[in-house]
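S.K.: I'd like to ask you about the structure that follows.
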Amino acid sequence: MRTEFIKMHGLGNDFIVLDARGKALPAITAPIARALTDRRTGIGCDQLIVLEPSASETFRMRIFNSDGSEVEACGNATRAVAMLHGEPARIETAGGVLETQPGAGGAVVNMGSPRFDWDAIPLAYAMDTGAMPVGWDGLDAPMAVNIGNPHVVFFVEDADAVDLATIGPVIETDPLFPERINVNVASLAGEDHLTLHVWERGAGITRACGTGACATAVAAIRKGLVQSPVTVTLPGGDLVIEWQAGGPIMMSGAAAEAYRGSFDWDDYA
């Protein structure tokens, strides 16, 4: 079965998009997701995105990380899909409904309201998520935030100096996080400006992470480090995050289509 795909990215965080809104596709399994996303023997990307019909919203978006796991949310993919759709949409995800407004070269996404309760992250046991009494190799007292998916945020003097490739997987798989965790390391780059690096659960270090930028901006606003709107600089570029306590998070940034192609399912089954 020959299937068309669209390769897209948001600030270098790249995706294979499969559009099943008009034609059903074979079931996506973890081995198939791993095979398609493999950068040496597959098409290659950070996440596989599958668009499907929705009974209640404009359409449904499913997200598979490069390790084959299905996850709840992806901010960069949402902007890319918003551009692909080309009109305002309400997108059903496992992490909730996301509202999108495409624009020139990018999109604005209403990411919904952040959650801070320990069991909403979730954590293995109750604790203060605003200054968690835990640490790993000099990274201490993070803030935990759920943005449709779980994040911990560390504020350090120099985010570029942290060996995230080593410490990221250790924190991601710590028993404190029963559903694993996305790890964000940020530093203050100026007034209302943050520098951020992210270890993504199931994908590793990526050039950008939309939900990570949202989680980090929210954490910085709560700590009084910055005020909304916040520019978050990632290795792939900038995102602008707006949030007021009690309200939704608005994320703005670029996304682009890279190319289109097709593949045979038998090559990856």
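The values are calculated or read from the model by the stated rules, or taken from the named source; none is laboratory data. Because the structure is a prediction, the values reported are computed rather than measured. Every residue, glycine among them, receives a Cβ derived from its backbone with ideal geometry; neighbour counts consider all protein chains shown.
S.K.: Contact list please: Cβ distance under 7 Å, first residue in the stretch 236-254 and over 16 Å from GLY112 (Cβ atoms) and free of Cβ contacts under 8 Å to residues at least 12 places away in the same chain, second residue among the aromatic types (Phe, Trp, Tyr) and assigned to a strand (DSSP E or B), pairs at least six apart or on different chains.
M.R.: Hits for this filter: zero, empty list.
S.K.: To continue, here is another question. Quick one: is VAL226 surrounded by 15 or more Cβ atoms within 10 Å (Cβ to Cβ) and free of Cβ contacts under 8 Å to residues at least 24 places away in the same chain?
M.R.: No; evaluated as a whole, the condition is false for this residue.
S.K.: Among the residues of the stretch 167-175, is any touching an Asp or Glu at 6+ places or on another chain (Cβ under 8 Å), crowded, with 24+ Cβ neighbours inside 10 Å and in the same structural domain as PRO142 (by TED's automatic domain parsing)?
M.R.: So far as the stretch 167-175 goes, no, none of its residues is touching an Asp or Glu at 6+ places or on another chain (Cβ under 8 Å), crowded, with 24+ Cβ neighbours inside 10 Å and in the same structural domain as PRO142 (by TED's automatic domain parsing).
S.K.: Follow-up question, since we're still on this one. Collect the residues in the stretch 169-178 that are assigned to a loop (DSSP other than H, G, I, E, B) and touching a residue at least 24 places away in the same chain (Cβ under 8 Å), keeping them in residue-number order.
M.R.: ASP174, PRO175, LEU176, PHE177, PRO178
S.K.: Then there is this: Please count how many residues of the stretch 128-154 are in a strand (DSSP E or B) and buried (at least 21 other Cβ atoms within 10 Å of the Cβ).
M.R.: 9
S.K.: Still on this structure: Is it true that some residue in the stretch 206-220 is more than 25 Å from ILE32 (Cβ to Cβ), part of a strand (DSSP E or B) and under 14 Å from the mean Cα position of the chain (by Cα)?
M.R.: No, the stretch 206-220 contains no residue that is more than 25 Å from ILE32 (Cβ to Cβ), part of a strand (DSSP E or B) and under 14 Å from the mean Cα position of the chain (by Cα).
S.K.: Across the stretch 190-203, which residue is nearest to the chain's Cα centre (by Cα) among those that are part of a strand (DSSP E or B) and at pLDDT 95 or above?
M.R.: It comes out as GLU200.
S.K.: Only one of (1) buried (at least 16 other Cβ atoms within 10 Å of the Cβ); (2) closer than 23 Å to ALA208 by Cα fails for ALA20. Which number is that?
M.R.: (2)
S.K.: Looking only at the stretch 9-34, count every residue that is touching an Asp or Glu at 6+ places or on another chain (Cβ under 6 Å) and small (Gly, Ala, Ser) and tell me the total.
M.R.: Total meeting the criteria: 1.
So that you can scan it fast, the table gives a plain yes or no per residue for (1) without any contact (Cβ under 8 Å) to a residue 24 or more places away in the chain; (2) among the hydroxyl-bearing types (Ser, Thr, Tyr); (3) assigned by TED's automatic domain parsing to the domain that holds MET132; (4) touching a Phe, Trp or Tyr at 6+ places or on another chain (Cβ under 9 Å):
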position: ALA20; (1), (2), (3), (4): no, no, no, no
position: ALA33; (1), (2), (3), (4): no, no, no, yes
position: ARG40; (1), (2), (3), (4): yes, no, no, no
position: ILE43; (1), (2), (3), (4): no, no, no, yes
position: ALA89; (1), (2), (3), (4): no, no, no, yes
position: GLU99; (1), (2), (3), (4): yes, no, no, no
position: GLY106; (1), (2), (3), (4): no, no, no, no
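S.K.: Name the residues in the stretch 221-248 that are over 15 Å from the mean Cα position of the chain (by Cα) and under 14 Å from ASN76 (Cβ atoms), would you?
M.R.: Within the stretch 221-248, none qualify.
S.K.: Same structure again: What are the residues in the stretch 155-168 that are part of a loop (DSSP other than H, G, I, E, B) and either at positive phi or in contact with a strand residue (DSSP E or B) (Cβ under 8 Å, 6 or more places away or on another chain) (or both), if any?
M.R.: Across the stretch 155-168, the qualifying residues are VAL156, GLU157, ASP158, VAL162.
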